[in-house]
Amino acid sequence: MAAIRHVAVIDLGKTNAKVALFDLDTQHEIEKFTMPNHVLNDGPYPHFDTDALWAFMLRSLASLASKVDAISITTHGASAALLDADGALALPVLDYEYAGPESLAEEYNRQRPPFSETGAPRLPIGLNLGAQIYWQQKAFPEHFAKVRWIVTYPQYWAHRLCGVLANEATSLGCHTDLWAYAKADYSTMVDRMGWRKLMPPLRKASDVLGGLLPDLARQTGLSVQTPIYCGIHDSNASLYPHLLAGREKLSVVSTGTWVIGMAIGADATALDPARDVLVNVNALGEPVPSARFMGGREFQLLATEFGASPSVADAEAVITKHAMLVPSVVTGCGPFPDRKMQWLNADAITPAQRQICVSFYLGLMTATCLELIGAQGDVIVEGPFSENQFYLQMLAAATQRNVLLSPASNTGTTLGAALLASKDAGPMTYQASTIAAPANSDNYIELWRAALKA
C-alpha cells in the first residue's frame, strides 16, 4: 500500500459532526465540513439522524475525493447500533440523553456488573450503554428479536463504508458495563444476557477493516482500495497522540460537550464511582483512570447570561468580591452529581464578570476531576476550552501544575483518529500557558472548596 498522507476523518461529536482532511506530514487539518448532530424525536424514541449524517459524510468525502488516501472514524461514546441480519438498523440509534432506560433502572441494576470488574460507574439516563441495550430489549422485544449484531458506534460507520463488522475496546470500555478491563474481554453481564453471540469480532482501533464498497466508490469518486480504519472513541482519540509520544506522567483534558480528564502514570488511588470517575481503555488496550463532567454543555446553558468579552479587571473584581458558581449546573453526573448549582456573592456582578465566574468554575471542576484520579505531571488541554484564558488560569492555580496546550488544541480528536493510519505521532511540542494566576486566587479556591463542604 502506498504511503498515507491525507486522511479523511469522520468525527461525530454529540453536538456537531465533522469530516476533515488531515495532513499527516504537517499534522494539520487542511479542509473540513461540519453540520449539527441533530436528534430526531419521531419513531419509538429520540434517536440520532443517521440518514442525514450518512448523506453528509458521502457529500463531504466526494468533495475531498481527489486528495483522500484513507478514512478514519471517531465518535462520542455511549452509543451503539443494533443491526439485523442484513446489516440494517433493527432499531434507531438511541440518544443517550433520553430518559427511557431509567424506567428499568432498578431491574437493570440487578444485572449490571460491579465497578471493580468494568470500571464503569452507574450513570443516569442512557450513559451506560448496557442500560440502553437492556431497555431496548425489554421495551421492543419484537424488534430486538431481529437484532443480529450489536456494533459500537465508530465501527457502525466503518461497516457502512467497507461492509466489515467489528467492535473495538475504546468504545466498549467507556462506562458501558459491557467490558471487563482487567481481562480485556466482555463483561459477565454480556454473557448473562446472552449478548456475546451478537458481538462481532474484536479489532484494534488501528486495524484496516477493508476497502471502500464499490457502490460508495462510484458515488464519491474515491478508490475501492481506500483503506477504512476501524476507528476510536473520541476521548481516546485525543489521548492517542500523547500515548505515541511516550510521556510517562501527564493528564490530558479533552474539552467539548464533555470535559474528560485522563491520567497517564497516575498515582494509585481508590476511584469513587459515585463521582463519575471511571476506567477508560486506551487505543493500546490499557486501562486509564478518568473523570468527567458536562462542562461544555454547562457553559452553553449559561451563555445567555454573558455579556461583552471579559477582561483581566473583571477577573480581579470577581476574586475581590468572592463571586462564584458552585456545582452542579448539569446534575446527575460529574464529581458532584447530587448538588444543584448556586451563585454566591453574585447579585451585583456584571454579565462579563458572570462569564469569568463560569470559567473559574469550569477550571475548578476540572481540577477536582484530576485530583480524583490521582493525575500527575503536566496538564494538557485540548478542545474549545484551550482558548479560554480564565479557565486555563484557574486550572493552573488549582492544580499547581504546568498547563500546556496541545499543538492540535482544537483538532485533538481529528489528529488522534488520523494517526491510526500512521501510528507515529512524532515529537509533540506543547505550548505552555503563560497566563499568570490572578492575585488572591489561592483564597478564592479555598472559599470555593469550603462552599462545597458547607
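The values are calculated or read from the model by the stated rules, or taken from the named source; none is laboratory data. What you are looking at is a predicted structure, and each value in this text was computed from that prediction instead of being measured. Positions of Cβ are backbone-derived with ideal geometry, glycine not excepted, and every protein chain shown enters the neighbour counts.
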Going by the structure shown, is Leu239 touching a Gly at 6+ places or on another chain (Cβ under 8 Å) and either farther than 26 Å from Leu129 by Cα or surrounded by fewer than 20 Cβ atoms within 10 Å (Cβ to Cβ) (or both)? no
Of the residues Ala85, Ala90, which is small (Gly, Ala, Ser), over 24 Å from Ser290 (Cα atoms) and out of contact with any Leu (no Cβ under 9 Å at 6 or more places or on another chain)? Ala85
Every residue from segment 39-58 that is closer than 19 Å to Leu212 by Cβ and either in contact with a Lys or Arg (Cβ under 6 Å, 6 or more places away or on another chain) or hydrophobic (A, V, I, L, M, F, W, C) (or both): Leu53, Trp54, Ala55, Phe56, Met57, Leu58
What are the residues in segment 5-56 that are at pLDDT 95 or above, β-branched (Val, Ile, Thr) and outside any strand (DSSP E or B), if any? Thr50
Return yes or no: is Asp234 under 22 Å from Leu21 (Cβ atoms), buried (at least 24 other Cβ atoms within 10 Å of the Cβ) and under 23 Å from the mean Cα position of the chain (by Cα)? yes
Filtering segment 366-389 down to residues that are part of a helix (DSSP H, G or I) and either under 20 Å from the mean Cα position of the chain (by Cα) or at pLDDT 95 or above (or both) yields Thr366, Ala367, Thr368, Cys369, Leu370, Glu371, Leu372, Pro384, Phe385, Ser386, Glu387
Top-ranked residue in segment 154-172 [being more than 22 Å from the chain's Cα centre (by Cα) and assigned to a loop (DSSP other than H, G, I, E, B); ranked as farthest from Pro287 (Cα to Cα)]: Gly163
Sole exception among (1) buried (at least 23 other Cβ atoms within 10 Å of the Cβ); (2) not assigned by TED's automatic domain parsing to the domain that holds Cys174 for Ala268, by number: (1)
Result of the Cβ filter at 6 Å on segment 286-299, keeping first residues that are assigned by TED's automatic domain parsing to the domain that holds Leu271 and partners that are part of a helix (DSSP H, G or I), at least 6 apart or interchain, is Ala291/Cys369; Ala291/Leu372; Phe293/Met365; Gly295/Leu362
For segment 290-317, give me each residue that is of a type outside the set (Lys, Arg), assigned to a helix (DSSP H, G or I) and either within 24 Å of Gly334 (Cβ to Cβ) or touching a Phe, Trp or Tyr at 6+ places or on another chain (Cβ under 7 Å) (or both). Gly295, Gly296, Glu298, Phe299, Gln300, Leu301, Leu302, Ala303, Thr304, Glu305, Ala315
If we ask which residues in segment 108-140 are surrounded by fewer than 16 Cβ atoms within 10 Å (Cβ to Cβ) and either closer than 16 Å to Ala81 by Cα or among the aromatic types (Phe, Trp, Tyr) (or both), their number turns out to be 0
